[in-house]
Amino acid sequence: MIAFEEVTVRFGATSALDDVSLQVRPGELCALVGPSGSGKTTLLRLVNRLVTPHAGRVLVRGEDISRADGPALRRSIGYAMQSVGLFPHRTVAQNIATVPRMLGWDGTRIARRVAELLALLGLDAALADRLPRALSGGQAQRVGIARALAADPDILLMDEPFGAVDPITRRGLRAELRRIHAETRKTILLVTHDPEEALELGTHVVVLREGRIVADGSPAAIIGPGGDGFARDLLGGGQPALRRLSLLPATEALQPAPPPPGAPELPAAASLADALSVMAETGCDCLAVAGHSGSLPIAAVLRGGR
Ligand SMILES: Nc1ncnc2c1ncn2[C@@H]1O[C@H](COP(=O)(O)OP(=O)(O)OP(=O)(O)O)[C@@H](O)[C@H]1O
């Protein structure tokens, strides 16, 4: 869906991206994570041609975008950012309708889409007529995401979309983004400097350092043994092995032998870290898993599905 081929971007003497190659497949939620100044935003803005490469190519939906019409490209890609950038003198409904209006949708279709998006983002329909200054930070972020989704783009670019909200709202918004991604299967490129957010949301995680990609893969693979040391340090919170267990489903370590009588039962959706937590709490070293035959002995949990 998106491909970067040996892309280099310079701003004067600063090299923002240096020979970066990356493929993002349809339906992936690709989290770009890395320290400040590592080139995350630059990589994102290459996709809608707000930045042009000095060398290399960017392909979107298989086409080299250097030949595309810039405004048409941008209308076909949703873009949500931390500063939200809502138009202050337009209502919530008018803000959400920005791209559909540019595309010439009729009023009925626009009104239906606005109502649909308010519901999708968990926003009260009564907010439609408010101006942005009368919204909470979390509500404004949701409206920004609704606006990015309005014309149903197959690609969504999100630059720290939850950066400006409190931790509780942030957790709620993350859960919503996960649900929206699962429901719509859009290709999402998400910039974040929050390692937990990258691991929780990303189906594909890319770690940038000083304009280069140092790790690129599934969350569990990136922080697994043998992964890049910088990426493991950044994402592992000092305990990469434990964090990796929280990303793996407990069912991956199920063994054929039946559980011992009276073994505590884990919910089917539990992770290997949940299994370890129940073992620490109950002192039992072998668990059952709801809806599954077989058992979960501690040795298999520690091997982490390997
Ligand atoms: N328009 C610009 N003009 C000059 N330098 C720029 C410009 N945009 C980015 N840079 C520089 O390019 C490098 C990469 O910046 P970028 O914004 O992509 O990093 P980032 O990883 O997104 O950082 P942050 O997490 O702080 O937002 C930095 O050194 C930055 O100062």
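Read the figures in this text as sums done on the coordinates, not as results from a lab. Fair warning: this is a prediction, and the values are worked out from it, not measured in the lab. With ideal geometry, Cβ positions are generated from the backbone for all residues, glycine too; neighbour counts draw on all protein chains shown.
Residues Glu183, Glu6, ranked from the fewest to the most other C-beta atoms within 10 Å, line up as Glu183, Glu6. Geometric descriptor of the range 248-303, per residue, is 66 Å³ (volume of the convex hull of the Cα atoms). Residue exposure proxy: Met1, Met158, ordered by other Cβ atoms within 10 angstrom of their Cβ from fewest to most, comes out as Met1, Met158. In the frame of its principal axes, the chain has Cα extents of 66, 50, 32 Å, reported largest first.
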